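Take a look at the structure below.
Bear in mind these aren't lab numbers, they're just calculated from the coordinates by the rules spelled out. Model, not experiment: these values are computed from the prediction. With ideal geometry, Cβ positions are generated from the backbone for all residues, glycine too; neighbour counts draw on all protein chains shown.
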Amino acid sequence: MTRTTPRIALLTLALLGACGSEQKVSDTTHAAADTNASVAPKSSCPGDNGGLTLASGFCATVFADTVGPARHVVVSAGGDVYATMQTATWEKGSAAKAYPAVVAMRDTNHDGVADVIAKFGQAGGTGIAIHDGFLYVDQQTKITRYRMTAGQLLPDTTPQVVLDGLPMDGDHKARNIVIGADGALYVNLGSASNSCQQKDRTPESPGKDPCVELETRAGIWRYDAAKLGQHFSKAGRFATGIRNAVGLTVDAKGRVWTTQHGRDQVDMFAAHFTHEQNAEVPAEELVQVNKGEDFGWPYCYFDPTAKALVLAPEYGGDGKKVDRCASKKAPFAWFPAHWAPMSALFYTGTMLPDQYKTGAFIAFHGSWNRAPMPQAGYKVVYTALANAPWGGNYETIADGFAGGNMQPDAAKHRPVGLAQAPDGALFITDDKGGRIWRVTYTPK
């Protein structure tokens, strides 16, 4: 049963001030100055784990519920939780533009449940990050930042525009972000189409060759997180051939990683692929990304049976040909098709056992393109990467998000974001029911 509390104070704030204005406010979010970080939440585990089925030793509580379409999430050094709100999933038209971009949450009595919830900003998206005293937020066509002050839940609500002019046509509008320790801002610009066909998602339509879309989409772009007023350009491209890099993250060594959403509907080319084969191809991927690398989209996809990149049917592939794909970079690890990996997290805390510090946690949003086979995904897994390249080996950490129906429109919850708290707990967000879980671990 969902835990509820009458103590929650819901405060919705309008976005004030002009974009790009500078604010002279204390520039720090260090826990030492934040009294909210002084006490760890009490350890308790309700019998229902917030509706989830968890791996041994893990416990989940409902930190907040029905807060809106919560996407990616971060936790401040003081323990406050911030999640982006993808407006288009709950509101349309002018209502979407006015919908708050961020939900901010605080647990003031340290019982594992948010009792202060505030919303601010407008026209939200997916990406969010905390860096050098600022909260960075994806606001669709731009990346903005808000100055934070230690001890205060809400930042200054006057946005500063870091990057604008991001393309929003076609598919894949999630502009998720990550900031490296060196201050580099990495931005995902997913493809505008499924596979760069001359007629998108049309049976037997050939692919555009070259795929000009790659100049501005289907890759990761790199900018300076500290610089205001930057504009999107082709020159900022860091890596290419990634259809939708929604799970951007950085590991403890400063290396960039991301999950990739594999292409859909290979069965549009019925001469080579059945509907049943479409349910299993291509694999979802976890890739390690370096400057200038090409991961193959739209010309190639990763076949989990062949354990290799093979040529896409739009470009003459038959499920076996490799051709130009031999020169593209293969994934570090791969997972079942169409599960939609939305976020990845390298754990660095002390709450979990050391076995969870050698790989990545990944949240899967769930499939829509596996029919007539059953839909799947809707879970959080952990995969150890010490022996990668690594395929099909993972531990399910949290399951049961969808409830009794795994169709996307009928699923109860769909996991999206992952974050680590200062005390080592994990947070998981849900953009379907608007629930946020706090996950802890107690050795058995």
Legend entry - Centroid-to-centroid separation of region 416-444 and region 157-234 [C-alpha atoms, Å]: 28
Inset, instruction - Answer rounded, prolate or oblate for region 237-379, using the Cα gyration tensor with square roots of eigenvalues a ≥ b ≥ c: rounded when a/c is under 1.5, else prolate when a/b is larger than b/c, else oblate. - result: oblate
Legend entry - Estimated inter-spin distance, Lys444 and Asp115, nm [label 7 Å along Cα→Cβ]: 3.3
Inset, instruction - Apply the Karplus parameterisation 6.51 cos²θ - 1.76 cosθ + 1.60, with θ equal to phi minus 60°, to every residue of region 361-375 and state each ³J(HN,Hα) to the nearest whole Hz, in sequence, with x for glycine and proline. - result: 8, 9, 9, 10, 6, x, 8, 10, 10, 9, 4, x, 6, x, 5
Legend entry - Within the chain, percent of DSSP bridges classed antiparallel, to nearest 5: 90
Inset, instruction - Pairs of Cα atoms under 8 Å, at least six residues apart: use those to get the relative contact order of region 9-441, whole percent. - result: 15
Inset, instruction - Using a/c under 1.5 as the rounded threshold, could you call region 306-435 rounded, prolate or oblate? The axes a ≥ b ≥ c are square roots of the C-alpha gyration tensor eigenvalues, and prolate needs a/b larger than b/c, oblate otherwise. - result: oblate
Inset, instruction - Work out the length of the dipole vector of region 9-441 about its Cα centre, built from +1 on the beta-carbon of each Lys and Arg and -1 on the beta-carbon of each Asp and Glu, and round it to the nearest 20 debye. - result: 500
Legend entry - Low-density loop positions, trypsin sites (Lys or Arg not before Pro), region 202-288 - DSSP coil, at most 14 other Cβ in 10 Å: Lys227, Lys253, Arg255
Legend entry - In nm, spacing of pseudo-spin labels at Ala55 and Asp294 (7 Å Cα→C-beta vector): 3.7
Legend entry - Residue-by-residue Karplus 3J(HN,Hα) for region 180-188, coefficients 6.51, -1.76, 1.60, Hz, glycine and proline x: x, 4, 7, x, 7, 9, 9, 10, 7
Legend entry - Correct option for Cα extents along the principal axes in Å [calculated from the coordinates] among [x] 62, 51, 41; [y] 77, 52, 39; [z] 86, 72, 42: [x]
Inset, instruction - For Ala270 and Asp224, compute 0.36 nm times the residue count separating them, minus their Cα-Cα distance, and round to one decimal in nm. - result: 12.0 nm
Legend entry - Paramagnetic reach from Asp318 in region 273-301 [backbone N under 12 Å; point 7 Å along Cα→Cβ]: 273
Legend entry - Extension reserve of the Glu395-Asp409 stretch, reckoned as 0.36 nm per residue once the Cα distance is removed: 2.4 nm
